[in-house]
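What follows is a set of notes on a single structure, which appears directly below.
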Amino acid sequence: MPCHCNTGRLEPSSIEDISKPSEQLAHVCLEDLPKLPPPYDDFNDLPPYKPLTESAREDYEATLDDTMTVGLPKAKSPEEEKEAVDKFLTGLQKLFSKEDNWTFLQPLMLSMEHCAKCQSCVDDCPVYESSGYNEIYRPTYRSEVLRRLYFKYIKPGNKWYKKFQQGDIELNYTLLVRLCELSYRCTLCRRCAQSCPVGVDNGLISREIRKIFSQELGWTQKDLHERGTLQQMTVGSSTGMNTLVVKDNIDFIDEDMTDRTGIEVKTPWDVEGADVLLIENAGEFLAWPENHGCIGLLLDAAGISWTMSSDIVGYDGVNYGLFYDDMQLARVATRHFEIAKKLKVKKIVMGECGHESKALAPISDRIGLDLTPRESIYTLMRDIVFSGKIKFDPTKNDFPVTLHDPCNLVRSMGIVEPQREILRYLTPKFREMTPHGVRNYCCGGGSGFAIQTPFNFNDWRNQISSRKKFEQILNAFKDEGHDPDQPKYVCAPCSNCKGAIRDLFDYYGAKAKSGYYYGGLSEIIVNAMVDAKEPILDWEMM
Amino acid sequence: MIITLSVYLSLLIFLVAIVARGVRIVNTPIHLRWELYPVPHEKGRSQYGGSRMEEVDWWTKPAKKDSINELVVMLKEILLLKGVWEHNRPLWFGSWTLHFSLYLLIGLMGLQVLSAILLLSGFSFYAEIPELYRLLLKYIAATGFTMGTVGAVIMLKHRMFDKKLRMYNTKSHFFNIIHLGAIYVSGIFWMIADGGFVEQQAELFKGVLSFSQFPAVPTAGIVHVAIVMLFFVYLPFTHMTHFFTKYFIYHDIRWEDKPNIPGGKIEKRIVEAVTQPVSWSAPHIKADGKKTWADLVAMTGAEKEEEV
């Protein structure tokens with residue numbers, strides 16, 4: 001049995017259980033997980049789920065489930081615990097105040113006060129389903145905890161009436177540390193919000209819970225905050241690259257792309273008055289450098305006037321504030337806008353990154369005045385591909401291809417067709433996943449999970465939050481067999497999604513076992529270019 | 001007279017509480033965009049969930065709005081509970097019967113207001129109001145009460161025995177269903193007790209509109225009216241206000257895709273919001289209760305104490 005537990009399945013039997021001290025509130029046994037399609041259906045062949053170490057359990061608040069990503073150190077004294085509870089209550093008040101939470105007060109208040117508790121949303125949550133329907137991951141569980149706290153401590157009214165309407169809950173330190181971790185078990189994909197007949201948004205509620213902890217208590221996930229937005233605002237990028245390093249890397253990428261395609265690629269920097277300011281997720285330059293190379297090549301080939309910025313934050317579109325903190329979200333986005341103004345560009349084009357696109361386009365549309373227009377690279381690429389300026393030979397992409405829809409670009413921005421038009425034209429063996437488009441499933445790396453690796457969080461992600469995506473991919477290619485020498489390509493045009501799918505394929509050995517590969521959209525386009533001397537998709541190197 | 005005054009009082013409480021709730025929602029500050037696709041007014045794109053952001057230089061092109069499709073989507077949701085049908089099929093029948101019976105009874109009330117106006121204008125209920133109209137009222141009432149009773153029983157069963165719901169139920173869920181069920185059952189009793197239900201109800205509305213004495217009705221009628229009035233008082237203080245707040249949830253959040261245009265209304269509201277002082281306490285926020293949102297956004301969050 002791959003599960004290491006002696007306890008069997010554990011889950012809360014009431015909302016109030018979250019406040020009751022116990023060693024662990026929930027445990028998912030691997031045999032409870034839904035079976036994957038063959039050849040990944042035998043539990044004995046699958047990687048075991050590494051348990052948290054004893055020392056991690058001793059040093060950190062590990063009483064929620066089998067993993068940790070925030071990793072809160074244990075409180076040193078009851079006074080410290082009390083102080084945290086008091087701060088949380090103050091934060092809760094601020095969350096429902098016009099001055100402190102103008103950004104989301106109306107959506108949050110409406111979601112708090114109008115849930116009918118009909119549970120119409122729950123079956124649409126891939127995390128809940130993939131956990132074998134463990135109660136702790138039900139999208140309404142954490143929302144219900146916050147709702148009860150809101151009615152008990154914030155909403156005016158008779159306490160007995162409020163209890164009668166909404167139920168009760170005890171606010172204590174146990175609840176606090178569990179709720180903080182639990183807010184990081186939702187990928188914020190908002191599939192559940194789509195399913196709610198009333199319009200209640202459990203994804204938003206998860207995000208707002210993270211926000212109280214971050215903005216009032218300073219409890220944050222380190223990859224998102226310290227190594228994320230803070231590093232980005234000071235060094236220039238959440239990758240840690242400063243201007244010199246990023247320019248050096250881009251030079252290398254340009255040279256490599258020129259060598260491989262025989263087409264000159266040269267990234268322009270800080271060109272005042274260019275039509276397009278390209279801002280990509282800087283993680284691409286390190287993990288998937290060919291993505292930037294391909295985008296640069298296509299922009300040049302289409303004769304577009306473009307530039308990148310070497311200013312701090314200007315060369316990294318990452319904005320992890322979207323996942324946990326409004327102030328950090330606004331700070332990063334404001335820098336992007338300031339840089340666009342300084343360079344006097346006509347528009348910002350956001351690279352193949354879902355959260356960057358959502359953070360900078362619709363969300364940040366209301367954080368400032370007279371903002372430079374923003375556009376997704378998908379739409380620009382569609383125009384380039386069909387402009388007639390570049391010759392393509394779709395037979396160069398004569399391998400099975402499926403498309404992963406990044407939630408932030410599709411469900412939250414409605415950019416659904418441009419990427420499909422390209423793939424239908426350039427990949428003869430394109431097939432959709434089921435479901436797809438705005439009803440897609442998250443890759444499992446949403447809300448920053450893809451870059452979070454503390455403790456055994458990777459195992460949790462690969463076994464639970466990415467499980468549904470893996471099942472979808474397996475089903476999309478089910479008619480192709482599992483010959484590893486027959487490459488099958490998952491087009492995942494988003495940096496976080498690629499990160500999650502990379503880890504997923506590594507975890508299950510999907511490349512060696514089934515010939516599964518993944519990559520972006522621009523690579524597929526350049527791979528089909530008649531003028532490119534070598535294929536960009538080099539299966540040996542991928 | 002006590003009954004008449006109680007009717008006015010309950011209607012007054014209902015109206016004041018609903019308006020107050022609406023005003024509270026409308027007076028919240030502008031929020032960041034948080035739409036969710038498909039957005040039904042996206043002309044030619046809503047079928048697959050697309051938006052105008054699919055076009056290059058979309059801000060230079062006029063937004064194409066499909067208000068008819070938006071209306072159709074709303075009607076399907078309101079009348080057929082499409083969301084529940086698609087995402088929670090086992091609950092649909094009970095929920096739909098319970099909701100649709102309410103629509104029927106609201107429709108009945110609307111028609112009875114018309115009846116009351118006719119009576120106040122001197123029309124005789126039996127001699128001058130067409131029988132077809134009277135029959136229509138009777139059938140609407142009978143269908144509404146019957147459907148409502150069935151819906152309440154089914155929903156009560158779900159709330160009691162459905163594992164999916166059980167942990168999330170509160171006492172109010174049972175009370176709400178029983179309360180609604182009592183409205184329907186008492187309505188049935190009123191109809192059975194006396195063949196003059198339609199006329200008596202019309203007289204009752206006439207009395208309310210003309211500030212006159214409560215008419216003579218059977219005990220079942222008085223019980224029915226009392227339960228309905230209690231419901232009017234209770235409803236605004238429950239989650240069931242989603243009957244009207246859903247409008248804001250859909251139009252102001254889920255389908256709200258208006259861009260921020262220089263010099264526009266949105267921009268004005270943003271200025272109001274970002275000039276408010278912020279008081280979040282985490283170290284990276286750097287708030288002191290005086291600095292505004294705009295002041296704080298200009299910082300990095302990594303400044304040392306002496307730099308703040």
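The values are calculated or read from the model by the stated rules, or taken from the named source; none is laboratory data. Keep in mind it's a predicted model, so treat the numbers as computed, not measured. Neighbour counts run over all protein chains shown; Cβ positions are idealised from the backbone, glycine included. Each accessible area value is taken on the protein alone, full model and side chains, heavy atoms only, with ligands, DNA and RNA left out. Shrake-Rupley method; radii C 1.70, N 1.55, O 1.52, S 1.80 Å.
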### Task
Convert each backbone phi in the range A:523-528 into a coupling constant with the Karplus relation 6.51 cos²θ - 1.76 cosθ + 1.60 (shift: θ = phi - 60°), then list the ³J(HN,Hα) values in order as whole Hz, x for Gly and Pro.
5, 5, 5, 5, 4, 9
### Task
Evaluate the charge dipole of the protein assembly as shown about its Cα centre and quote only its size in Debye, nearest 20, assuming +1 on the Cβ of each Lys and Arg and -1 on the Cβ of each Asp and Glu.
3120
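Probe radius 1.4 Å, ligands and nucleic acids left out: can you give me the accessible area buried at the A-B interface, summed over both chains, in Å² to the nearest hundred?
Details: alone 20880 and 19470 Å², together 32170 Å².
Counting both chains, the buried surface is close to 8200 Å².
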### Task
Mind listing the long-range amide H neighbours of residue A:374? Cut-off is under 5 Å, sequence gap 5 or more, other chains count too, H placed in the peptide plane at 1.01 Å from N.
A:348
### Query
Which residues of the range B:249-272 end up with at least 40 Å² less accessible area in the presence of all protein chains than when their chain stands alone, using a 1.4 Å probe?
B:249, B:253, B:254, B:260, B:270
### Set of aspartates and glutamates near residue B:76 by C-alpha distance (under 15 Å), chain-local residues within fewer than 8 positions excluded
B:86
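So how much slack lies between residue A:370 and residue A:533, counting 0.36 nm per residue of separation and subtracting their Cα-Cα distance, in nm?
Working: separation 163, 0.36 × 163 = 58.68 nm, distance 4.41 nm.
The residue A:370-residue A:533 span can extend by a further 54.3 nm.
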### Task
Starting at the first residue of the range A:301-316, write each ³J(HN,Hα) from the Karplus equation 6.51 cos²θ - 1.76 cosθ + 1.60 with θ = phi - 60°, in whole Hz, x for Gly and Pro.
4, 8, x, 8, 7, 9, 8, 10, 10, 9, 5, 3, 6, x, 9, 10
#### Entry: Accessible area of the range A:390-512 belonging to carbon and sulfur atoms, whole % at 1.4 Å probe
48
### Query
How far apart, in nm, are two points set 7 Å out from the Cα along the Cα-to-Cβ line at residue A:90 and at residue B:281?
0.2
### Task
Enumerate by residue number the trypsin sites (Lys or Arg not before Pro) in the range A:296-397 meeting two conditions: DSSP loop (anything except H, G, I, E, B), and at most 10 other Cβ atoms within 10 Å of the site's Cβ.
A:391
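Only loop residues by DSSP count here, and only those with at most 15 other Cβ atoms within 10 Å; note down the chymotrypsin sites (Phe, Trp or Tyr not before Pro) in the range A:385-445 that meet that.
A:386
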#### Entry: Nearest-ten-degree value, helix B:89-120 long axis tilted from longest Cα axis of chain B
60
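Can you give the net charge of the other residues whose Cβ lies under 15 Å from the Cβ of residue A:241, counting K and R as +1 and D and E as -1? Walk me through the numbers before you get to the answer.
Values: positive: A:227, A:247; negative: A:248, A:251, A:280, A:284, A:311, A:316.
So the environment of residue A:241 carries a net charge of -4.
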### Query
Roughly how many nanometres apart are two label points built 7 Å out from the Cα toward the Cβ at residue A:35 and residue A:421?
4.3
### Query
Under the Karplus relation 6.51 cos²θ - 1.76 cosθ + 1.60, θ = phi - 60°, what is the ordered set of whole-Hz ³J(HN,Hα) values for the range A:151-158, x standing for Gly and Pro?
5, 6, 10, 10, 5, x, x, 5
### Task
With label points built 7 Å along Cα→Cβ from the Cα atoms of residue A:50 and residue B:174, find their separation and express it in nm.
4.9
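With a probe of 1.4 Å, find how much accessible area the protein assembly as shown has per residue, and write the answer as a whole number in Å².
On the way: 32170 Å² over 850 residues.
Normalised by residue count, the accessible surface of the protein assembly as shown is 38 Å².
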### Task
Taking H placed 1.01 Å from N in the peptide plane, check which residues at least 5 places from residue A:269 or on another chain put their amide H under 5 Å from its amide H.
A:308
### Summary
Quick shape check on the protein assembly as shown: root eigenvalues a ≥ b ≥ c of the Cα gyration tensor, a/c under 1.5 is rounded, otherwise prolate if a/b tops b/c, else oblate, and it reads prolate
### Query
Counting only residues 5 or more places away or on other chains, whose amide H sits under 5 Å from the amide H of residue A:392 once H atoms are built in the peptide plane?
A:530
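In Å, the Kirkwood hydrodynamic radius of the range A:227-384 over pairs of distinct alpha carbons?
On the way: mean 1/r = 0.0650 Å⁻¹.
Result for the range A:227-384 stands at 15.4 Å.
A 31 angstrom limit on the alpha carbon distance is what I want to check against. Which of A:94/B:265; A:358/A:389; A:50/A:468; A:50/A:488; B:163/B:246; A:163/B:268 exceed it?
Checking Cα-Cα distances, A:163/B:268 exceed 31 Å.
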### Message
What is the angle, in °, between the Cα long axis of helix B:171-193 and the longest principal axis of the Cα atoms in chain B? Nearest 10 is fine, range 0 to 90.
### Response
30
### Task
Enumerate by residue number the chymotrypsin sites (Phe, Trp or Tyr not before Pro) in the range B:187-282 meeting two conditions: DSSP loop (anything except H, G, I, E, B), and at most 11 other Cβ atoms within 10 Å of the site's Cβ.
B:211
### Query
Residues in the range B:193-235 near a label at residue B:126, defined as backbone nitrogen under 11 Å from the 7 Å Cα→Cβ point?
B:196
### Task
May I ask you to give the percent of accessible area on chain B that is carbon plus sulfur, with a probe radius of 1.4 Å?
69
### Query
Label 7 Å along Cα→Cβ of residue A:13; the range A:120-161 residues with amide nitrogen under 18 Å?
A:134-137
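State the extension gain, in nm to one decimal, for the chain segment bounded by residue A:82 and residue A:269, taking 0.36 nm per residue of separation less the distance between their alpha-carbons. Can you show the working numbers first?
On the way: separation 187, 0.36 × 187 = 67.32 nm, distance 5.20 nm.
Fully extending the segment from residue A:82 to residue A:269 adds 62.1 nm.
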### Summary
Projected onto the charge dipole of the range B:82-172 (unit charges on the beta-carbon of Lys, Arg, Asp and Glu, signs +1, +1, -1, -1), the Cα from B:101, B:161, B:113 with the largest positive-side position is that of B:161
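Count the net charge of all other residues whose Cβ sits under 12 Å from the Cβ of residue A:377, scoring Lys and Arg as +1 and Asp and Glu as -1. Intermediate results must be reported in sequence, preceding the final value.
Details: positive: A:347, A:374, A:382; negative: A:280, A:284, A:352, A:356, A:375, A:383.
Counting the neighbours of residue A:377, the net charge comes to -3.
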